[in-house]
Amino acid sequence: MITALDWSAVNTAVENCNRRHSINNLAKAFSYFILENLFPNSDEQIDDYFTDGSNDCGIDAIKIDRNDNQSHVHIFQFKYFSSQKKANHNFPSGETDKVISFIDRLFDKDTTLEKISNPYLWDKILEIWELYQHSSTTFTVYFCSNGQKLDPNRKETLLNSIGKYQVNFEEISFSEIIKNLSSPNSTNTKHKFTAIEKQYLGRSDGDIKGMVATISARDLLQLICVDNTLDRVNPYVFDQNIRVYLGKDNPVNESIVKTALSDKSTYFWYLNNGITAVCSSLAYRDGVRAPVVEIENLQ
């Protein structure tokens, strides 16, 4: 059972991706979210993977990794559920028949695929056939959704059908996504800021450490911007934030801005309850004035 809190966490990550790439389509953003997490260091544009649309034969995306010795073809089927209630359903069983049919015709080199494939899919098919002739190639089919996994009986049917071609199968469902959000394999990040004067308080309990401090607005901007440029916010800093950004026109945010810019700006510290962040490492010299605070993997 998918809880409301877990649903909110995953949906927020998808909404962040939607906003980051200006997609304006949560189902498409979910596909982006999965692909950029599976292939974080790829030099290719994610848009180049997509084959979905009319005449896609049930295949939403294909990524082809070329290598002199061993190439890899990744074939994707995505399903995005728009609500927590719907997400508690299994991956649609009907999609297995489409994928089985496609794999059969792909390995048979069925040229009639051109008549039922859109141009993006057909280009991928031709590339796969050419690749298959000249190098050892591994194939993996992925069923990805923000809901539950495929029905076990349908999964067995799928595995038996594609197994004869030695095609691997992976499922990425809600449980895998929430686990990845809890323990992301993201790039290690390091930041520094200076606490103002002696306006800080530290606490530690065993291997857990925390700190409350007053910092400058400029230091805050440097924490959340790309390469300390102050002109572009790094959206990944907010990936684990359960609350999405409500926009500058939100009444609460409007009030915060007015307070900061008014002649009562000296009250800002007292009228706002601050910003909470988590990190994997925190270090500073205690008992000194304006200590430099070093943190890793800020969220």
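The values are calculated or read from the model by the stated rules, or taken from the named source; none is laboratory data. Since the model is a prediction, treat every value here as computed from it, not as a measurement. Don't worry about glycine lacking a Cβ; one is built from the backbone with ideal geometry, like all the others, and counts go over all protein chains shown. The protein model used for the area step is the full one, side chains on, heavy atoms only, and it has no ligands, DNA or RNA in it. Shrake-Rupley method; radii C 1.70, N 1.55, O 1.52, S 1.80 Å.
Some values worked out for this structure:
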{"quantity": "Per principal axis, descending, Cα span of the stretch 1-50 in whole Å", "calculated": "35, 21, 16"}
{"quantity": "Å² of accessible area per residue within the stretch 13-107, as computed with a 1.4 Å probe and no ligands counted", "calculated": "47 Å²"}
{"quantity": "Inter-probe distance in nm under a simple model that places probes 7 Å from Cα toward Cβ, at Glu44 and Tyr267", "calculated": "5.8 nm"}
{"quantity": "Simple label model, 7 Å out from Cα along Cβ direction - Lys198 to Val233, nm", "calculated": "3.6 nm"}
{"quantity": "Taking the C-alpha atoms of the chain, convex hull volume expressed per residue in Å³", "calculated": "181 Å³"}
{"quantity": "Calculated from backbone phi, Karplus (6.51, -1.76, 1.60) coupling profile of the stretch 22-34 in Hz, x at Gly/Pro", "calculated": "6, 8, 6, 7, 5, 5, 5, 4, 4, 4, 4, 4, 5"}
{"quantity": "Kirkwood Rh, Cα atoms: Rg over Rh of the stretch 46-88", "calculated": "1.15"}
{"quantity": "Scattering profile of the stretch 85-180 at q = 0.10, 0.11, 0.12, 0.21 Å⁻¹ [log10 I(q)/I(0), Debye over alpha-carbon scatterers]", "calculated": "-0.32, -0.39, -0.46, -1.11"}
{"quantity": "Rounded FRET efficiency, nearest 0.05, which uses the C-beta distance separating Ile23 from Lys179 and R0 of 22 Å", "calculated": "0.35"}
{"quantity": "Cβ-derived FRET efficiency at R0 25 Å, Leu159 paired with Arg66, nearest 0.05", "calculated": "0.40"}
{"quantity": "Length added when fully stretched, Thr138-Cys225, from 0.36 nm per residue minus Cα-Cα", "calculated": "27.4 nm"}
{"quantity": "Two-decimal log10 I(q)/I(0) for the stretch 72-129, as the Debye equation yields it once each C-alpha is a single scatterer, q = 0.16, 0.19, 0.25, 0.26 Å⁻¹", "calculated": "-0.62, -0.77, -1.07, -1.13"}
{"quantity": "Debye intensity ratio in log₁₀ form over the Cα atoms of the stretch 249-292, taken at each q of 0.13, 0.16 Å⁻¹", "calculated": "-0.51, -0.68"}
{"quantity": "Cα-based convex hull volume of the stretch 1-107 per residue, rounded to whole Å³", "calculated": "134 Å³"}
{"quantity": "Pairwise label distance in nanometres, Ser8 with Val288, each label 7 Å out on the Cα-Cβ vector", "calculated": "4.0 nm"}
{"quantity": "Residues Asn88 and Gln166, FRET efficiency given R0 of 35 Å [Cβ-Cβ distance, rounded to 0.05]", "calculated": "0.55"}
{"quantity": "The stretch 117-157 - Rg over Rh from alpha carbon coordinates, Kirkwood radius", "calculated": "1.13"}
